[in-house]
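Here is the structure we will look at, set down as C-alpha cells.
The values are calculated or read from the model by the stated rules, or taken from the named source; none is laboratory data. Remember, predicted model here, so these are calculated numbers, not experimental data. Cβ coordinates were reconstructed from backbone atoms using ideal geometry, including for glycine residues, and neighbour counts include every protein chain displayed. Protein only, heavy atoms only, side chains kept; ligands, DNA and RNA dropped before computing areas. Shrake-Rupley method; radii C 1.70, N 1.55, O 1.52, S 1.80 Å.
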Amino acid sequence: MRRAQAQRMQVHVEGTVQGVGFRPFVYRLASELELTGWVKNTRNGVLIEVEGAVLVVKTFLERMRTDAPPSASVETVSATVVPALDDAGFSIEQSAESGQRAFVVPPDLATCADCRRELADPNDRRFRYPFLTCTQCGPRYSLLTAIPYERSNITMTEFELCAACRAEYSTESDRRFHAEPIACPACGPRLCLWDEQGNEIAGGEEALRQAEELLGTGRIVAVKGLGGFQLWVNATSEEAVQRLRDRKRRPERPFAVLFPSVESVGGYCLLSPNQEALLCSPQAPIVLVRKRRNAVLADAVAPGNPYLGVMLPATPLHHLLMGSMQQPMVATSGNRSEEPIVTDEREALVRLKGLADALLVHDRSIARPIDDSVVLVAGIKPDCNDMREVDKPKADVTILRRARGYAPQAIRWSDGPANGSSQGPILAVGGHLKNTVALLHGDRIMMSQHLGDLSTVEADRAFQQAIDDLQRLLQVTPQTIACDLHPDYRSTNFARELARNLSIPLIPVQHHHAHVASCMAEHRLDGEVLGIAWDGAGYGGDGQVWGGECLIANYREFTRYASLKPFRLLGGDAAMKEPSRSAAALLWELTGEEMTTYRLPSWKVTQDQCKKFAVLLRSGIASPWTTSMGRLFDAVASLTGLCHQTSFEGQAAMAVQFAAEREAYAGGVPVEGYTMDLMSSHGLDRKWIIDWCPMISALLEDLRRGTNPDKIAIRFHAALAAVTVRVAQAADLPRVVLTGGCFQNRPLLSLARTYLEQAGFTVYSHALVPPNDGGLSLGQAVVASCQLDERGHA
C-alpha cells in the first residue's frame, strides 16, 4: 500500500557535484531518512528522484545543501513534483549520457584525514600505498578524459579493479563507494625509481627509501606528482639549492618549499589563522607567508625575499616522502625555465635531462599538466612579538596562480547583463604572460589551469593543447574568439588563425579593459565602475604601452578616464630587465639633458651609460611612450638602490614592496605619503593625467638628505593609494575595482582598499581569479559576450 501523504520529487542539482562524493552522500542521506528513489550523474550535474513523507522530503532538500561534502559546491537546485512510484529502497543508478554537457569539472583535492590515517595504519591493506584515494580526495581533473566523471572516463581505466576494491566501490556504506580513482597495491599504479637514463633502480618501498636517501645527501630528484613533475632538493642545503638554480638557469626567482606538517611550518614562518586554514584546505595551495628572522633555510631558496611560498603534502606520495624525511624540501615545477611542466616519465628523460639526478615515477597517466596554485592573504598585520601574523577583519585571499585545487571550477555569470546563451560558445585565449584560456557558454565560464608564459615552442604547444583539451572535454566548438588587442602576442596570432579557419568572429579586447571586466565578472557587477588597472604593460588603443590606467568601464566598453603621466620605455623590452632605464627616463622628463650628469649615491649608473640613454631619449628610437605603473616601481627601485638588474618579472617592484613592509613592520607607516597631482589632459584621450613629477622630486630630495629607502618606499606606496581616492572622487562612481599585476602587492592593495573605503567607496578586488594576466581570459570572454549582445540588439 502506498505510504500516506507520500511525495516524489525530481531534483536537478548543478555545481561541483561530480567527483566529490556527492552521490554517495545523497544515498546515505536518503537511506538515513528512509526515503526511496535514486541518484545519478548527468552531463550537467546530478539528477535525483526521492520519495517519502512531505516533511521528510523537505528535510532531505534542506540537508542536501547544508550537509553536503566539504569539497562539493551546490550552486542551483530545481525540484519538481512527479508521480509517486511507491518503490523500495534508494539506489545509485548508471549515469545519463543525454543532455547538454555542463561546464562543471571536479578539481584535484588534497589527501583527506581518513586516507591519511589509513596510509599510516600497519593493519590497513593500503598501508603506505602512494595512490590511495576516496570520494573526498585525490586526483580528478588531472585524470579526466571525458564527462561525466566516471571510472571509464579517467586514465585509471587501464587498471582493472581487484575483488576487494570492486567490493568497496560497489558497497553503498563504504567510503569508497563510487570513488572513481580507487586502487590498492594489488591492482593499482606502481612506484619506481629511475636513474637519469630511465633504468629502474628500485620499486615500491625501496624506491621511496632510496629517493629519500638521495634527497638527504643533497641530490636532486624529479618526483612525478599529481599534475606533473616536481624537482625536489633539500631546502636546508645551500649547496644543493644553488645546484638546482644553476641547472634550471633560474638565478633568483623564489622556490616553493614543501613542509611535512603545518606545525613544522610554524618553526620557519609566521602563520596567521587564515594562512593556516588555506594550507590545510582541500585545495592545499602554495601560500605566501613571512619567514621568521631566524629561519634555518638555505638563502638560495628565496634570495632577498622575506616571504616563502609554503605548501603541505597534497598526495599520499608526498606524505610518505615528507613523513620519513621530516625536513623542508624545495619542490618546484618540473621544467626548464619558460617551459611547461613535464607530465610523462619518458618525456621527462629528455626535457629534464641534466636537471635531476634521479626520477621517482609511476605508471598512472596524467591527462593534462596542472601546476600548484599560489595564493596570498592581504590585510595581515604582525604582532608585536614577531611570533605570528594576525588576520585583520578584512583579510583578502588573492589567487596568484590558479591551478591545482581551483581549476577548472566554472565561474557562474548568470547575473551579468547578458549570458551569451544565444551567441554560442566563446573562446578567450588570454594574454602572453601567465596565460590561461577560457570558454564561456550559457551562464558559465570555465577557465583552464595556469599555462604559463608563451615564450617557447613548448609553451605554445601546451597552450594549443589546452584549447583543444577544453573543447574535446566539454564537446564545445567556439562560435566566437576573444583575444588581446596586442597584434603580436602568440595567443593573438593563434586566435586570428583559428577564427579565419572556422570563419567565426574575432573580438580583440583591450588589455586593461579585460582586467577590469574580469574582476567585475567575479563579483557579478553590472553597470559602470571605476576600474584601476595597474600593471607592467598592456597594448593601448593608441598603440602605446599602457599600464597605469583608471577606466570608467562596463562590460561592453570603457573610457580612459585617467592614466599615469607618460615617460619613455627606454630601450623597449630592455627596460623590463634594467630598472635603471626607467629611472633615467623619469629623470629625463624631470631634468632633460641634466640627466646625463645626475648623480645619486644610491643610483648605480655611470656617466657613459647616461650618455647612451640620452641618445635614445632624444630620438625616441626603440623607446616608446608608456604609462606603466610597473616601470614606475622599477624606477623607484633603481633610484633608491633597492634593485638595478632583474632576472624575473616583477623583481624590482617586489624589492620596493619588501622595503615598504620593513618600514611598516617597524611601526613607521607615515600618515601621509608623497604627493601626486591630477592634471587636465588638455584634450587627449583621457580626462586626467596622474602626475608623478612632484612625488619623484620629493623622493629625490629625500635621497639627498639620506632618508632610509624603506621609509621612501612606504611613502611611495601611500602616495599611490592616496591618488586612487583622488581619481575616484573625481569620477564620482561609488564602486571601485582594483586589478592588474600591481595589486598582487600586499601593502598597495591593503592601503588602497583602506583609503578608498574610508572615503566612502565600495572596493572590489580579485578572489576567484588572479589580478595578473592569469585573469585576462575571463575578462576577454565577458567583454566579447556583451559586445556580441549589443550587436545582436543593434
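Here are a few things to note about the model shown:
- Per residue, segment 525-606 exposes 34 Å² of accessible surface when a 1.4 Å probe is rolled over the protein heavy atoms with every protein chain present.
- The chain: angle of helix 316-325 to the longest principal axis, Cα-based, in degrees nearest 10: 70 degrees
- Positive-end extreme of charge dipole, the chain - chosen from SER73, TRP534, PRO316 (charges on Cβ): TRP534
- Estimated from helical segments only, the mean residue ellipticity of the chain at 222 nm is -10000 deg cm²/dmol, where each DSSP H run of four or more residues counts as -39500 (n - 2.57).
- In order along segment 135-149, the Karplus-derived 3J(HN,Hα) couplings, from 6.51 cos²θ - 1.76 cosθ + 1.60 at θ = phi - 60°, round to 5, 9, 7, x, x, 9, 4, 5, 9, 6, 10, 6, 10, x, 6 Hz, and Gly and Pro are given as x.
- Other-chain or far-sequence residues with amide H under 5 Å of THR480's (modelled H): LEU427
- Qualifying GluC sites (Glu not before Pro) in segment 604-692, where qualification requires a DSSP coil assignment and no more than 13 other C-beta atoms within 10 Å, comprise GLU672.
- Ordering of 294-304, 508-518, 173-183 by burial proxy (mean other Cβ atoms within 10 Å per residue, highest first): 508-518, 173-183, 294-304
- Highest average first, the peptides 158-170, 479-491 ordered by how many other beta carbon atoms sit within 10 Å of their residues are 479-491, 158-170.
- Checking the cross-link pairs LYS687/LYS711; LYS353/LYS577; LYS224/LYS434; LYS577/LYS687; LYS565/LYS612; LYS248/LYS611 against a 30 Å limit on the alpha carbon distance flags LYS687/LYS711; LYS577/LYS687; LYS248/LYS611 as lying beyond it.
- Ligands, DNA and RNA left out, the accessible area of the chain computed with a 1.4 Å probe is 49% carbon and sulfur.
- Compared with the dominant principal axis of the Cα atoms in the chain, helix 746-758 is inclined by about 90°.
- Span from the segment 714-767 Cα centroid across to the segment 596-627 one, whole angstrom: 32 Å
- Sorting the segments 617-628, 433-444 by their residues' average number of neighbouring beta-carbon atoms within 10 angstrom, most packed first, yields 433-444, 617-628.
- Karplus 3J(HN,Hα) series, Hz, for segment 725-731 with 6.51 cos²θ - 1.76 cosθ + 1.60 (x for Gly, Pro): 5, 4, 5, 5, 5, 5, 6
- For the chain, the relative contact order works out to 11 percent when only alpha carbon pairs closer than 8 Å and six or more residues apart are counted.
- Residues whose amide H lies under 5 Å from that of GLY218, counting only those 5 or more places away or on a different chain, are ASN234; hydrogens are built 1.01 Å from N in the peptide plane.
- Rounded to whole Hz, the Karplus (6.51, -1.76, 1.60) HN-Hα couplings of segment 773-785, x for glycine and proline: 5, x, x, 4, 4, 4, x, 4, 5, 6, 5, 4, 4
- Amide H partners (placed H, <5 Å) of VAL257, local residues excluded: GLY309, VAL310, MET311, ALA331
- Here is the list for segment 301-357: trypsin sites (Lys or Arg not before Pro) lying in DSSP coil, each with at most 11 other C-beta atoms within 10 angstrom of its C-beta, are LYS353.
- Remark: relative contact order (segment 116-166) = 17 percent; criterion is Cα-Cα distance under 8 angstrom and separation of 6 or more residues.
- Net dipole in debye of the chain [+1 Lys, Arg Cβ; -1 Asp, Glu Cβ; about Cα centre; nearest 20]: 820 debye
- Rounded to the nearest 10 degrees, the angle from helix 22-32 to the longest Cα principal axis of the chain is 50 degrees.
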